[in-house]
Amino acid sequence: MSSREHVFSDAAAAAAEAAHGQPMVKAEQVWKSFGKLDVLRGVDFVVQPRETFVLLGPSGGGKSTLLRCINHLEKIDAGRLYVAGELMGYREKGNALHEMKARDVARQRSSIGMVFQRFNLFPHKTAIENVMEAPVMVQHRPKKEAEAEAEELLKRVGLGEKLDVYPAQLSGGQQQRVAIARALAMKPKLMLFDEPTSALDPELVGEVLDVMKQLAVDGMTMVVVTHEMGFAKEVADGVALMDGGVIVEQGPPREVLEHPKEERTKVFLSKVLV
Amino acid sequence: MTVGPTDPGGLGVAAGAGLPAPAASRPEAIKAIPVRHWGRWIGAFVVIYLVAALVYSFVKNQNVEWPVVWDYMFSPVTLKGLALTIELTFVSMLIGGLGGVLLAVMRLSDNYVLSGISWVYIWFFRGTPVYVQIILWANLGVFYPRLYLGIPFAGVVFGSMDSGTLVAHIVVPALLALGLNEAAYAAELVRAGIISVEAGQTEAALSLGMSPTLTMRRIVLPQAMRVIVPTFGNETISMLKTTSLIAAIGGLEMFGRLQQIYAQTFQIIPLLVVACLWYLFLTSVLTVAQGYLEAYFGRGFGEKEAEAAERRAAKRAARVQHV
């Protein structure tokens, strides 16, 4: 995989098409509160197709919440969030917003892959069953076809030998790679990563980052919350520093990470880049 | 002497290849002489002696009347009653299990009316003795002489029936009492199972585009079963014996029949022994069945996973080749 031949380009190309010339993600003044606590306070950003957008910042700054708002795992309180030009979770009719039915939200989510910090593989299903589950149950694709594709995907993330193994028998890095394959099996147009390497032993971080880098290089659109500065520098097209529920500074990684303008960014980077 | 591990064990992964060599060759394994626990030996002997005496006194007891026990053990009367006992247990647990899942999902619902109804149901059925419920259902005809099917408050009636004829068949009130009562208990243990599944599982399923219903059916409930099965097995064994309460409304399950016989023949002890032996046998069968169920729903958590994974891989390879 390190040779950087195109492993996921077919999937990525189809994904980029799906935006129909619109930005893949567009957030306009997104607000979100839990009780009295405002976790997001007016967030704006745009991710174009084929771009990798990295969210950096201290814990509690709202990065994960923002990510979970993109696929409507959390409802936003104000503002608008569009994925591929489609408003997430609501339907705009005249001047009113209508909440979507669970079925329509599910349809929207099915084209957005998500990878979690704690992997969240289904422990009662083997690696290949984890990957096949949604294509068979949600997209109603023939089992044989889904199985063949799942096997292919698991081979691409380097787990061709682990098809029939339950998650409990896999290392953290292997579990996270199965989780990435599981998300890719739905042929998503957008991939969300929520601190995908934070729960891993230091030795295993590399194998997961390798898969993610390959995806980025092949042109998958990705929004990544991470503390891996190296990843941000190497593959991000845009980075944003979040703190206190707002984006403090955003731009190309070379500007934000090497010549930050904001004091808050400088302080954060000085603590991370030792 | 070869250097390097001979059996990496554990996952059966090629762990051996990359392990660093130990600094020196392995010393001789420790062979220590174990401590002798004389007190334990004496204690064990005394207990075995007493148990043997107890068993002997029971087996040799003339009052048990073993010939009578053997006569009734496989007599048609007993076996007919046994069939009803099994049927009542099975159907009540079916009603209880399905009702329990429904009530648990209602109880966890965001809809206050649904969760409220579930709460009240559980409160009522757990709060009254099942014995009282059995007699209450058998007397349904006293407070609702006629049952109507229609639209309440609108005066529209599609049909009606005499409730006496419904509950005259003893099985009906028996199943209503046992099944509905069990549903209340099952609801709580299903709920415990559901909330024991990590929230991350639901999030992962939803993020894959699965609907809430599909998520519950395919992801949450199968994992909840791991917690539910041992307790539900316990409930089933308990139900097997609770069916004997049906004798109170003249139900002819096994115990009811035996009771009828000994009321006339006064062979009380031998027939009670017959009942005990059958209940013990059925409980043993249920215990074994529960073991298999636990193994099934515990998949992914078991030991010896490496071998099992190889077996599955071989099976799939064979299947793929056939295609």
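For this structure, a couple of remarks:
- If the condition is being in a strand (DSSP E or B), without any contact (Cβ under 8 Å) to a residue 40 or more places away in the chain and closer than 30 Å to A:Gly219 by Cβ, then segment A:66-91 contributes A:Glu86, A:Leu87, A:Tyr90.
- Taken across segment A:133-152, residues that are without any contact (Cβ under 8 Å) to a residue 12 or more places away in the chain, within 16 Å of B:Thr202 (Cβ to Cβ) and within 8 Å of chain B (Cβ to nearest Cβ) do occur, with at least one present.
- Close pairs (8 angstrom Cβ cut-off, 6 or more residues apart or separate chains): under 10 Å from A:Asp243 (Cβ atoms) in segment A:41-65, small (Gly, Ala, Ser) and assigned to a loop (DSSP other than H, G, I, E, B) anywhere: A:Gly61/A:Gly244; A:Gly61/A:Gly245; A:Gly62/A:Gly244; A:Gly62/A:Gly245; A:Lys63/A:Gly57
- All positions within segment A:90-124 that are in contact with a helix residue (DSSP H, G or I) (Cβ under 7 Å, 6 or more places away or on another chain), more than 7 Å from chain B (Cβ to nearest Cβ) and not hydrophobic (A, V, I, L, M, F, W, C): A:Gly113
- Of all residues in segment A:92-117, those satisfying the criterion of being among the charged types (D, E, K, R) and more than 22 Å from A:Met220 (Cβ to Cβ) are A:Glu92, A:Lys93, A:Glu99, A:Lys101, A:Arg103, A:Asp104.
- Picking from residues in segment A:155-174 that are away from chain B (no Cβ under 12 Å) and in a helix (DSSP H, G or I), the one that is surrounded by the most Cβ atoms within 10 Å (Cβ to Cβ) is A:Gly173.
- Remark: pairs (first residue in segment B:154-178, aliphatic (A, V, I, L, M); second residue surrounded by 11 or more Cβ atoms within 10 Å (Cβ to Cβ) and assigned to a strand (DSSP E or B); Cβ separation under 8 Å; 6+ apart in sequence or on different chains) = B:Val156/B:Gly150; B:Val157/B:Tyr148; B:Val157/B:Gly150; B:Met161/B:Leu147; B:Leu166/B:Leu147.
- Helices (runs of 4 or more DSSP H) wholly inside segment B:229-323 that include at least 2 residues being within 14 Å of chain A (Cβ to nearest Cβ), surrounded by 13 or more Cβ atoms within 10 Å (Cβ to Cβ) and on the phi < 0 side of the Ramachandran plot: B:268-297, B:305-322
- Residues satisfying the stated conditions in segment B:53-81, i.e. assigned to a loop (DSSP other than H, G, I, E, B) and within 32 Å of the chain's Cα centre (by Cα): B:Phe74, B:Ser75
- Restricting B:Val220, B:Val190 to residues that are more than 13 Å from chain A (Cβ to nearest Cβ), under 20 Å from the mean Cα position of the chain (by Cα), in a helix (DSSP H, G or I) and of a type in the set (A, V, I, L, M, F, W, C) narrows the list to B:Val190.
- Test result for B:Gly150, outside any helix (DSSP H, G or I), more than 14 Å from chain A (Cβ to nearest Cβ) and surrounded by 21 or more Cβ atoms within 10 Å (Cβ to Cβ): no
- Of A:Glu51, A:Glu28, A:Glu17, all but one fail to be surrounded by fewer than 16 Cβ atoms within 10 Å (Cβ to Cβ), of a type outside the set (Gly, Ala, Ser) and within 22 Å of A:Ala216 (Cβ to Cβ); the exception is A:Glu17.
Coordinate-derived values only; no laboratory data. Everything quoted here is computed from the prediction, not taken from an experiment. Here the Cβ is made from the backbone with ideal geometry for all residues, glycine too, and neighbour counts use every protein chain on show.
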